[in-house]
Amino acid sequence: MVGLLHAEVRKTASTRLWWGLLIPVALLSVLINLFGGLFTAAIPDEDGRLPLLLASLAYAMGLTAIFGLVHGVVGAAAEFRHRTITTTYLTSARRWPVLVAKMSVSAAVGAFYALVTAVVGVLAGLAGEAGAAFPSFGSLLAVTLIGMLAAALWGALGAALGTAVSNQVSALVGALVYVLLGEFLLSVLLGNAESVDVQRLTAFLPVNGGEIALYDLPAQVLAGPELGPAVVEALAGVTSPPPWWGGLLVLAAWTGAVAATAWVIAERRDVT
Amino acid sequence: MPGRAGDRAGRVTVTGLSKRFGQVSAVDGLTFTVEPGAVTGFLGPNGSGKTTTLRMVLGLVTPTAGEARINGVPFAELANPARVVGAVLEAQGFHPARTARKHLLTVSAAIGVPDAAVESVLHTVGLTDAGDRAVGGYSLGMRQRLALAVALLGDPQVLVLDEPGNGLDPEGIAWLRAFLRGFARQGRSVLVSSHLLAEVEQTADHLVVISRGRCVFQGPLENLRNSRRPRVLVRCGSHERLADALARTGVVEIDTLPDGWLGIAGTDPVHVGDVALEAGVAIYGMVHEKIDLEQLFFQLTAEPWQVR
């Protein structure tokens, strides 16, 4: 297992994918946090003392998680595209340890992306929001850690998805269409249902789960504990959101489900 | 190999192995053994099920029936498979942007061999100087060499090669032959597939010939060669008188062929000519029929020219 992890680290480090995706991650974090993000206009800013950086950082983290997902999908499916999966499977008697190693390393890359997002974002925030109140260190750290967890889960989910689908283009396009559009449409559909129970399902979708986790703390800091959940509802497009850890659990459950699917498919697949 | 205990080290056993892809039966009840200390040639025309069989041995394809074992256990139960079996397969790929050295380093990490082994196998296959080039720029022959380097990285007891001659130049093929013979001489096993008998004739000690997924010959190369004895083909004035005269000298394996020639086994043209002269039988034509293994191989694997 240690060997397979080491091998996955070397595979990741020996191609351009990881830093090719890191560049847009860092650039987006700079842009979003420099200008306070899309929330600046949306949140009432009566006395100009609101620590908006917290919200823009959470928003940047949400985008970073998508890059973590892309890294996982492309990296795992590349083994099938370039037919290196034959060599990989010949180094392991069973296939599941390969999947676990891939998911672990992709999770680490996702978490690293989130860490870079936080560091670059705070520096950009210092440069661009000098007049506004600066968030407390504790709240910045909390958003950073939650962002790292969310991006790690998306990275792991991506590696599992890439293994299950194996066709690189299909897996990538499918993942992006769902994350950028599919879940939004699904949320609108569920959110407009008659039954409140059905509306609540919106909080149990993976993208929404990740957004709930990211927006919970900033919303509480910016809008107060009473209005916070309502702000999360508006931002994530969900009904009755759980707290941040609940959102992470939702994302983790989806990651587990995709991993189990990949596990079953990978064990049964004939590598010809 | 010193330090490899047990007399089963390196033995591959295939028992009743079958694979169906939908309606197509790719491999059908195959049984054979690959013994250590020898090169086993795995022969069959393209599409006869060689690749599928090798991939089942390596645990890459799940058999529909039967099983393959290496050192007495299925691939999935080997503790560190790359230390037991190395493989050079046809559809084995490389990331085009990764260098050969870095590709090998991913494998050495996975199987837990020191990184120094990478330099050693690069040297063995003659890629030391090209090791830092991206594999995307490699020729087919260089890729085959790299695939062999990967297979050797774990210092395995068994080497499985699927059509390794493809893409190699004549010099490379000669080098590979010598390498495989040396590998087997160390008491290790080699299973090498080919669709050309000539390619393994000089290397293999043992042959497994398959056609349409079934085994049609199995045994030492000598057995195949001896399965048809060389004959002298004669056209002469009187079959009866020549046959009688030959029988008196102890040559009795004589057949009349459909085209009117006489086929005489167990002798040579000089003896037949001498006997005919003595018996006063006119000879109109005489051919010494050579044993052509390739011809035998074609006969063994002949199949109607149609898509299954």
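Of the candidates B:ASP155, B:ASP162, the single residue that is buried (at least 22 other Cβ atoms within 10 Å of the Cβ), within 14 Å of chain A (Cβ to nearest Cβ) and under 28 Å from the mean Cα position of the chain (by Cα) is B:ASP162. For segment A:216-233, filtering for residues that are within 18 Å of A:LEU57 (Cβ to Cβ) and either among the small types (Gly, Ala, Ser) or in contact (Cβ under 8 Å) with a residue 12 or more places away in the chain (or both) leaves 10. Selection of segment B:127-137 for residues being touching a residue at least 40 places away in the same chain (Cβ under 8 Å) and within 18 Å of B:ASN166 (Cβ to Cβ) yields only B:VAL135. Among the residues of segment B:151-167, not one is more than 17 Å from B:SER189 (Cα to Cα) and assigned to a helix (DSSP H, G or I).
Residues in segment A:172-205 that are assigned to a helix (DSSP H, G or I) and crowded, with 23+ Cβ neighbours inside 10 Å: A:ALA175, A:THR202, A:ALA203.
Pairs linking a residue in segment B:237-252 that is free of Cβ contacts under 8 Å to residues at least 60 places away in the same chain to a residue that is assigned to a helix (DSSP H, G or I) and basic (Lys, Arg), with Cβ atoms under 8 Å and 6 or more positions apart or on different chains, do not occur. Taking segment A:48-146 as the region of interest, the helices (runs of 4 or more DSSP H) fully inside it that hold 1 or more residues being away from chain B (no Cβ under 14 Å) are A:53-81, A:96-128. Here the condition is being closer than 30 Å to B:ALA265 by Cα and assigned by TED's automatic domain parsing to the domain that holds B:VAL39; of B:LEU191, B:LEU180, B:LEU152, B:LEU196, it holds for B:LEU196 alone.
Every residue, every condition in (1) within 35 Å of the chain's Cα centre (by Cα); (2) surrounded by 12 or more Cβ atoms within 10 Å (Cβ to Cβ); (3) closer than 28 Å to B:GLU201 by Cβ, yes or no:
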residue	(1), (2), (3)
B:ARG241	no, yes, no
B:VAL275	no, yes, no
B:ALA282	no, no, no
B:LYS290	yes, no, yes
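Tell me, which residue of segment A:241-272 that is under 21 Å from the mean Cα position of the chain (by Cα) and of a type in the set (S, T, N, Q) is nearest to A:PRO97 (Cα to Cα)? Steps first, please.
Here is the first cut: in segment A:241-272, the ones under 21 Å from the mean Cα position of the chain (by Cα) are A:241-262.
Going one step further and asking which of them are of a type in the set (S, T, N, Q), we end up with A:255, A:261.
Numbers: A:THR255: 16, A:THR261: 15 Å.
So the residue we want is A:THR261.
Screening B:MET142 on (1) more than 10 Å from every other protein chain (Cβ to nearest Cβ); (2) part of a helix (DSSP H, G or I); (3) over 28 Å from the mean Cα position of the chain (by Cα) shows it passes everything except condition (3). Every listed requirement among (1) surrounded by 15 or more Cβ atoms within 10 Å (Cβ to Cβ); (2) among the aliphatic types (A, V, I, L, M); (3) over 19 Å from A:PRO242 (Cα atoms) is met by A:LEU123 save one, (1).
The values are calculated or read from the model by the stated rules, or taken from the named source; none is laboratory data. If you're wondering where the values come from, they're calculated on a predicted model, not measured in any experiment. All Cβ positions, glycine included, derive from the backbone under ideal geometry; neighbour counts span all protein chains shown.
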